[in-house]
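Worksheet: the structure to be examined is printed underneath.
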Amino acid sequence: MTQINATIARHRFELEAEEVGRALAGILPDPIADHYVVVSGRRFPPKQVIAVVTGLDRADFTTHQARRVLSRLGFTVGRRSTEPRSSDDAPRGDGPHAGREAELLRPFAGRWVAQRGLEVLVAAETPQEVLAWLERHDQQADEMFLVPRASWQTEGEAPG
């Protein structure tokens, strides 16, 4: 159990990684502008995470502070890439995008997703939640669909 003491916006907090995961369980991530943190397999803006777990206003601290605290808690932090992936890094599988799309969608099995290009904008339990998120954040997706839970659902086979 990772636990840290942190001062954010002149307030002291005792934070636990498990507590962060629980706090975000029912929350859909806001759009990723530049930086993100991975919590329970989902990418969130770091400031959204800190605001949810501390109750602080996002204007009271910087993205850098949020990233540093979340990194200390053991979460993976990253920066959204604007450069296209090189062909050397790309998977070499069958199907659209040489299997890259299937790999990107694997963590969202059984959930509804809105996708722009290969980027998953949001994943939720219902299509209504996805549509509400898109409207709330003034986002447009190329497509929205339910990611199959099992391979037989994509291949047209009967469950066995």
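The values are calculated or read from the model by the stated rules, or taken from the named source; none is laboratory data. If you're wondering where the values come from, they're calculated on a predicted model, not measured in any experiment. Don't worry about glycine lacking a Cβ; one is built from the backbone with ideal geometry, like all the others, and counts go over all protein chains shown.
Restricting attention to segment 7-28, the residues that are within 18 Å of residue 62 (Cα to Cα) and either part of a loop (DSSP other than H, G, I, E, B) or assigned by TED's automatic domain parsing to the domain that holds residue 138 (or both) add up to 2. Of all the residues in segment 29-69, those that are within 21 Å of residue 2 (Cα to Cα), part of a loop (DSSP other than H, G, I, E, B) and not hydroxyl-bearing (Ser, Thr, Tyr) number 3.
Only a single criterion out of (1) buried (at least 21 other Cβ atoms within 10 Å of the Cβ); (2) free of Cβ contacts under 8 Å to residues at least 40 places away in the same chain; (3) in contact with a Lys or Arg (Cβ under 6 Å, 6 or more places away or on another chain) is not satisfied by residue 36, namely (2).
Of the residues making up segment 107-117, those that are free of Cβ contacts under 8 Å to residues at least 40 places away in the same chain and either assigned by TED's automatic domain parsing to the domain that holds residue 31 or loosely packed, with under 14 Cβ neighbours inside 10 Å (or both) are 110, 116, 117.
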